[in-house]
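The values are calculated or read from the model by the stated rules, or taken from the named source; none is laboratory data. Everything quoted here is computed from the prediction, not taken from an experiment. Here the Cβ positions follow ideal geometry from the backbone for every residue, glycine too, while neighbour counts run over all protein chains shown. Ligands, DNA and RNA are stripped out before the accessible areas are found, and what is left, the full protein with its side chains, is counted by its heavy atoms. Shrake-Rupley method; radii C 1.70, N 1.55, O 1.52, S 1.80 Å.
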Amino acid sequence: MNQMSVIEQVMLKGNLSVLSPQQKIEYYAKTCESLGLNPLTKPFEYINLNGKEVLYATKGCTEQLRQVHGVSIKIVDKQKFDDVIS
(Lines give C-alpha, C1' and ligand atoms only; values in the text may rest on other atoms or scores of the structure.)
Protein backbone atom coordinates (compact mmCIF):
# COMPACT_ATOMS: atom_id res chain seq x y z
CA MET A 1 0.00 0.00 0.00
CA ASN A 2 1.47 3.37 -0.98
CA GLN A 3 1.86 6.29 1.43
CA MET A 4 -1.14 8.21 0.07
CA SER A 5 -3.40 5.16 0.47
CA VAL A 6 -2.26 4.76 4.08
CA ILE A 7 -2.96 8.44 4.78
CA GLU A 8 -6.39 8.13 3.17
CA GLN A 9 -7.27 5.07 5.26
CA VAL A 10 -6.12 6.67 8.52
CA MET A 11 -7.14 10.30 8.13
CA LEU A 12 -10.25 10.07 5.98
CA LYS A 13 -11.65 6.63 6.81
CA GLY A 14 -10.42 6.25 10.39
CA ASN A 15 -8.95 2.80 9.76
CA LEU A 16 -5.73 2.28 11.69
CA SER A 17 -5.19 -1.34 10.66
CA VAL A 18 -3.02 -0.21 7.73
CA LEU A 19 -0.38 1.21 10.08
CA SER A 20 2.73 -0.74 11.04
CA PRO A 21 3.31 -1.47 14.75
CA GLN A 22 5.81 1.43 14.92
CA GLN A 23 3.36 3.78 13.20
CA LYS A 24 0.62 2.74 15.64
CA ILE A 25 2.86 3.62 18.57
CA GLU A 26 3.63 7.01 17.04
CA TYR A 27 -0.04 7.65 16.24
CA TYR A 28 -1.04 6.70 19.80
CA ALA A 29 1.63 8.95 21.33
CA LYS A 30 0.75 11.91 19.09
CA THR A 31 -2.95 11.51 19.86
CA CYS A 32 -2.24 11.52 23.59
CA GLU A 33 0.08 14.51 23.23
CA SER A 34 -2.49 16.51 21.27
CA LEU A 35 -5.10 15.91 23.98
CA GLY A 36 -2.80 16.44 26.95
CA LEU A 37 -3.05 12.81 28.09
CA ASN A 38 -0.42 10.58 29.67
CA PRO A 39 0.13 7.64 27.26
CA LEU A 40 1.67 5.54 30.05
CA THR A 41 -1.75 5.28 31.71
CA LYS A 42 -3.15 3.58 28.57
CA PRO A 43 -6.02 6.01 27.91
CA PHE A 44 -6.91 4.29 24.62
CA GLU A 45 -7.28 0.76 23.34
CA TYR A 46 -7.16 -0.45 19.76
CA ILE A 47 -10.43 -2.20 18.92
CA ASN A 48 -12.15 -3.43 15.77
CA LEU A 49 -15.37 -1.52 15.10
CA ASN A 50 -17.48 -1.79 11.97
CA GLY A 51 -14.64 -3.50 10.11
CA LYS A 52 -12.06 -0.85 11.04
CA GLU A 53 -9.34 -0.77 13.69
CA VAL A 54 -9.84 2.39 15.76
CA LEU A 55 -8.69 3.94 19.02
CA TYR A 56 -11.28 3.56 21.76
CA ALA A 57 -11.23 6.00 24.68
CA THR A 58 -11.22 4.11 27.99
CA LYS A 59 -12.67 5.30 31.30
CA GLY A 60 -9.14 6.40 32.20
CA CYS A 61 -9.11 8.62 29.13
CA THR A 62 -12.39 10.28 30.02
CA GLU A 63 -11.21 10.83 33.58
CA GLN A 64 -7.98 12.47 32.40
CA LEU A 65 -9.87 14.67 29.93
CA ARG A 66 -12.30 15.64 32.67
CA GLN A 67 -9.40 16.74 34.87
CA VAL A 68 -7.53 18.52 32.07
CA HIS A 69 -10.62 20.55 31.18
CA GLY A 70 -11.97 21.04 34.71
CA VAL A 71 -15.25 19.23 34.12
CA SER A 72 -17.06 18.33 37.32
CA ILE A 73 -19.41 15.37 37.66
CA LYS A 74 -20.87 16.64 40.91
CA ILE A 75 -24.68 16.90 40.87
CA VAL A 76 -25.57 20.47 41.80
CA ASP A 77 -29.33 20.44 41.19
CA LYS A 78 -32.03 17.78 41.31
CA GLN A 79 -35.49 18.12 39.85
CA LYS A 80 -38.39 15.68 39.96
CA PHE A 81 -40.85 15.44 37.08
CA ASP A 82 -43.53 12.74 37.16
CA ASP A 83 -41.51 10.45 39.45
CA VAL A 84 -38.32 10.92 37.37
CA ILE A 85 -35.35 12.62 38.96
CA SER A 86 -33.16 14.58 36.58
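In the chain, the DSSP-assigned H stretches of four residues or longer account for a calculated mean residue ellipticity at 222 nm of -10000 deg cm²/dmol, using -39500 (n - 2.57) per stretch and the full residue count as denominator. When only the Cβ of Lys, Arg, Asp and Glu is charged (+1, +1, -1, -1), the dipole of the chain relative to its Cα centre reaches about 120 debye.
Once the Cα atoms are used to define both axes, helix 59-68 deviates from the longest principal axis of the chain by about 70 degrees.
Per residue, the chain exposes 79 Å² of accessible surface when a 1.4 Å probe is rolled over the protein heavy atoms with every protein chain present. If you take the charge dipole of the stretch 14-86 about its Cα centre, with +1 on Lys and Arg Cβ and -1 on Asp and Glu Cβ, which of ASN38, LEU49, SER20 is farthest toward its positive end? Final value for the positive-end residue is ASN38.
Per-residue Karplus couplings for the stretch 71-77, computed as 6.51 cos²θ - 1.76 cosθ + 1.60 with θ equal to phi - 60°, are listed in order as 8, 8, 10, 6, 6, 10, 8 Hz, Gly and Pro entered as x.
Stretching VAL76 away from GLU45 to a fully extended chain increases their span by 7.9 nm, per 0.36 nm per residue minus the current alpha-carbon distance.
What is the angle, in °, between the Cα long axis of helix 21-35 and the longest principal axis of the Cα atoms in the chain? Nearest 10 is fine, range 0 to 90. The helix 21-35 is inclined about 40 degrees to the chain.
For the chain, with all protein chains in place and a probe radius of 1.4 Å, 56% of the accessible heavy-atom surface sits on carbon or sulfur.
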